[in-house]
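To start, the structure itself, in structure tokens.
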Ligand code: PXG
């Protein structure tokens, strides 16, 4: 290992126990395809596609080339009152990939900005149609929608909310659908829990539909540890939203771009939301980008409103040329290598492999869908998260990058993986689980 030419101290790391990390840092210095290389020169198998995002695998040549060429050709073009071809071409490709009439794309630079954009579009949509009283937003417990004030307001992860005051007013939360007694070790969608969608009717009864703008959910909750929607649940949410004129937003920042073996979870579950938020996989995380895909009637409502600027919202870097080039090259690679189909065809093998962990010490639940899996460990008495964190550290020492949230390990590998990678992922996790008390 060469000596570090940098100091660890000045960087305030996000979502990381800084003091714990800096005492024993895990530094990644390069990556290729399914692997990272650590600072001490070890190859680390990536079972999480970075942070649920490197869907095409690391440092793929066609994407690298596209970014390099773009940087040499047009580094930046103003977003307002100007355009550049890449943003339009990428929007068109995304619109083609999205199901039904989800056919207009608004670009942001992250999932958090995508969520903020979608919530604002929902409010402005009702207003432009003369229903300005529809202002309430409905999220869900345990949801992760990023860290902007919009996202943490509709989000449902207590630690992400508790330090930050009163958040957005007028937000309600649906109950989450995870229940160990009713659904432990389900393969794919649990049979139990569709009725939890009916809680939306109670919220509507409380406030009246005329005051409710939108419901936002992750079709599969990712960050909280892979919570798969019960059979029929998303369909019921859709039906209740339809009945009351409420917009349904799917936050597909994780599930978009092949994670479930289809372009979007909306297609996988055959449920059409009014908007989809995306980020991560759109560029395979090579350049930050996020966005919202909007159904035609929503877009049309704005375009038939008063003349002038239809939506007073946008970012300096909306549709940034480097991100657009990376996105185009990434989507082309997904297509050429049939990576969504690869994900779909490996999903049953992945499912069997993760369920082989059922019955190991302290494993209280194993859950999966597509190429997403959660392995929930029992917490140590009085020390929630400690067992999960130890598992993460030991996996890393054994050459495997995994993800932990509380005591749940999560896997979401790049879509280029093979069965031997799957064997290595769950073989390593099994031996680590057997080692730790
Ligand atoms: N929505 C969803 C569903 C997400 O998963 C965001 C929005 C926000 O995206 P940005 O790009 O603003 O981070 C996310 C992000 C984890 C983890 O370890 C998950 C995310 C981010 C960081 C860590 O589970 N998801």
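If a residue must be free of Cβ contacts under 8 Å to residues at least 24 places away in the same chain and closer than 19 Å to residue 197 by Cα, how many such residues does region 157-183 contain? Outline the logic, then answer.
Just the residues of region 157-183 that are free of Cβ contacts under 8 Å to residues at least 24 places away in the same chain, to begin with: 158-167, 169, 179, 181-182.
Among the residues that remain, those that are also closer than 19 Å to residue 197 by Cα are: 179, 181-182.
Looking only at that region, the number is 3.
Out of the residues in region 407-437 that are touching a strand residue (DSSP E or B) at 6+ places or on another chain (Cβ under 8 Å) and part of a loop (DSSP other than H, G, I, E, B), state the one that is surrounded by the fewest Cβ atoms within 10 Å (Cβ to Cβ).
If we take residues in region 407-437 being touching a strand residue (DSSP E or B) at 6+ places or on another chain (Cβ under 8 Å) and part of a loop (DSSP other than H, G, I, E, B), then 416 is surrounded by the fewest Cβ atoms within 10 Å (Cβ to Cβ).
Which numbered condition trips up residue 223, out of (1) touching a helix residue (DSSP H, G or I) at 6+ places or on another chain (Cβ under 7 Å); (2) within 19 Å of residue 116 (Cβ to Cβ)?
So the condition that residue 223 fails would be (1).
Quick check on my filter: what residues within region 161-216 are part of a helix (DSSP H, G or I), out of contact with any strand residue (DSSP E or B) (no Cβ under 9 Å at 6 or more places or on another chain) and more than 30 Å from residue 366 (Cα to Cα)? If you could, list the steps in order and put the result at the bottom.
The initial filter retains those residues of region 161-216 that are part of a helix (DSSP H, G or I), namely 161, 180-183, 194-207, 209-211.
Subsequent filtering for residues that are out of contact with any strand residue (DSSP E or B) (no Cβ under 9 Å at 6 or more places or on another chain) retains 161, 181-182, 194-195, 198, 201-202, 205, 209-210.
The answer is 201, 202, 205, 209, 210.
Okay, residues lined up against (1) within 16 Å of the ligand (Cβ to nearest atom); (2) under 21 Å from residue 285 (Cα atoms):
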residue: 336; (1), (2): no, yes
residue: 341; (1), (2): no, yes
residue: 352; (1), (2): no, no
residue: 363; (1), (2): no, no
residue: 388; (1), (2): yes, no
residue: 397; (1), (2): no, no
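Sort out for me the strands (runs of 3 or more DSSP E) sitting completely within region 6-122 that have 3 or more residues that are outside the structural domain of residue 401 (by TED's automatic domain parsing) and surrounded by 13 or more Cβ atoms within 10 Å (Cβ to Cβ). I'd like the intermediate steps shown before the answer.
Numbers: elements: 28-32, 35-38, 43-46, 102-108.
It comes to 102-108.
Checking residue 189 against (1) surrounded by fewer than 24 Cβ atoms within 10 Å (Cβ to Cβ); (2) touching a residue at least 60 places away in the same chain (Cβ under 8 Å); (3) out of contact with any helix residue (DSSP H, G or I) (no Cβ under 9 Å at 6 or more places or on another chain); (4) over 22 Å from residue 125 (Cα atoms), which test does it fail?
(3)
Is there a residue in region 346-369 that is surrounded by 15 or more Cβ atoms within 10 Å (Cβ to Cβ) and more than 30 Å from residue 390 (Cα to Cα)?
no
Quick one: which of 40, 75, 101, 33 is farther than 26 Å from residue 312 by Cβ, touching a residue at least 24 places away in the same chain (Cβ under 8 Å) and in contact with a strand residue (DSSP E or B) (Cβ under 7 Å, 6 or more places away or on another chain)?
Numbers: 40 fails: in contact with a strand residue (DSSP E or B) (Cβ under 7 Å, 6 or more places away or on another chain); 75 fails: in contact with a strand residue (DSSP E or B) (Cβ under 7 Å, 6 or more places away or on another chain); 101 fails: farther than 26 Å from residue 312 by Cβ.
Every option except 33 fails the conditions.
Go through 284, 318, 304 for me and flag whichever is farther than 16 Å from residue 98 by Cα and without any contact (Cβ under 8 Å) to a residue 12 or more places away in the chain. Working first, answer last.
Details: 284 fails: without any contact (Cβ under 8 Å) to a residue 12 or more places away in the chain; 318 fails: without any contact (Cβ under 8 Å) to a residue 12 or more places away in the chain.
Of the residues listed, the single one that is farther than 16 Å from residue 98 by Cα and without any contact (Cβ under 8 Å) to a residue 12 or more places away in the chain is 304.
Any residue in region 198-213 that is more than 28 Å from residue 245 (Cβ to Cβ) and more than 14 Å from the ligand (Cβ to nearest atom)?
no
I'd like the residue in region 127-151 that is assigned to a helix (DSSP H, G or I) and buried (at least 24 other Cβ atoms within 10 Å of the Cβ) and, out of all such residues, is nearest to the ligand (Cβ to nearest atom).
The qualifying residue nearest to the ligand (Cβ to nearest atom) is 151.
Read through the list (1) under 18 Å from the mean Cα position of the chain (by Cα); (2) closer than 21 Å to residue 174 by Cβ, then give the number of the only condition that residue 290 fails.
All conditions are met except number (2).
Anything in region 289-315 that is under 26 Å from residue 63 (Cα atoms) and buried (at least 20 other Cβ atoms within 10 Å of the Cβ)? List them, or say none.
289, 290, 291, 292, 293
Hey, can you tell me all the residues within region 399-417 that are without any contact (Cβ under 8 Å) to a residue 60 or more places away in the chain and either more than 15 Å from the ligand (Cβ to nearest atom) or over 19 Å from residue 353 (Cα atoms) (or both)?
Matches in region 399-417: 407 only.
The values are calculated or read from the model by the stated rules, or taken from the named source; none is laboratory data. Because the structure is predicted, anything quoted here is derived from the model rather than measured. Neighbour counts run over all protein chains shown; Cβ positions are idealised from the backbone, glycine included.
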